[in-house]
1. In the range 46-62, is there at least one residue being modelled with pLDDT of 95 or more, surrounded by 11 or more Cβ atoms within 10 Å (Cβ to Cβ) and of a type in the set (A, V, I, L, M)?
2. Identify, from the list R85, R68, the residue that is more than 16 Å from E142 (Cα to Cα) and surrounded by 15 or more Cβ atoms within 10 Å (Cβ to Cβ).
3. Contact list please: Cβ distance under 6 Å, first residue in the range 51-73 and over 28 Å from S122 (Cβ atoms), second residue outside any strand (DSSP E or B), pairs at least six apart or on different chains.
4. On the basis of being acidic (D, E) and more than 16 Å from T140 (Cα to Cα), does E24 make the cut?
5. Checking A11 against (1) farther than 24 Å from V132 by Cα; (2) at pLDDT below 95, which test does it fail?
6. Restricting attention to the range 88-109, which residues are within 30 Å of S131 (Cα to Cα), surrounded by fewer than 14 Cβ atoms within 10 Å (Cβ to Cβ) and of a type in the set (S, T, Y)?
7. Filter the range 1-32 down to the residues that are surrounded by 10 or more Cβ atoms within 10 Å (Cβ to Cβ) and of a type in the set (D, E, K, R), then identify the one that is farthest from A95 (Cα to Cα).
Amino acid sequence: MSLSSGDSIAAHNFALQIDGVQVEYLSEVSALSLEQDVIKYVQNSPKGVPSVKMMPGISQGGTVTVTRGQTHSTSFSSWINDSMRGDMSSARKNASIVFMDYENKPLKRYDLRNAWCCKIESGAPKAGEASVLTEQVTITFEELVIG
């Protein structure tokens, strides 16, 4: 089912891909941010009138925090472990967060270039509580391509 003009994407399902291979379904995606410097360039016109131009500067890279239920996903866990050990030759990967409709058809994707995990936080389990154990992973990246 495709979206009609004016429809927005509903948050049905989203997944994480690492190097093009889907490794995990996510329960939450938050705090996706990317920052770029702004260069302010001031010059005078031939008639002496000041002119201000704003130009893009250097990208500062970005971060995104994803929440997943703790599973036996060895690919994702290995990526986290490589990152935390500082093994950057293995840890830097191209990752994608893919938003899907209720039929699991991709609707939108965020491609994260040279991404690696910089923080992991486990959920707070409580004895006698019937809840899913989750972990939050913060992923840092050098470039974002929105598709």
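The values are calculated or read from the model by the stated rules, or taken from the named source; none is laboratory data. Being a predicted model, the structure only gives us computed values, none of them experimental. Every residue, glycine as well, gets a Cβ built from its backbone with ideal geometry; the counts of neighbours run over all protein chains shown.
1. no
2. Just a single option satisfies the conditions, and that option is R68.
3. From residues that are over 28 Å from S122 (Cβ atoms), the pairs are S51/S45.
4. Yes; evaluated as a whole, the condition is true for this residue.
5. Exception for A11: condition (1).
6. Y102
7. E28
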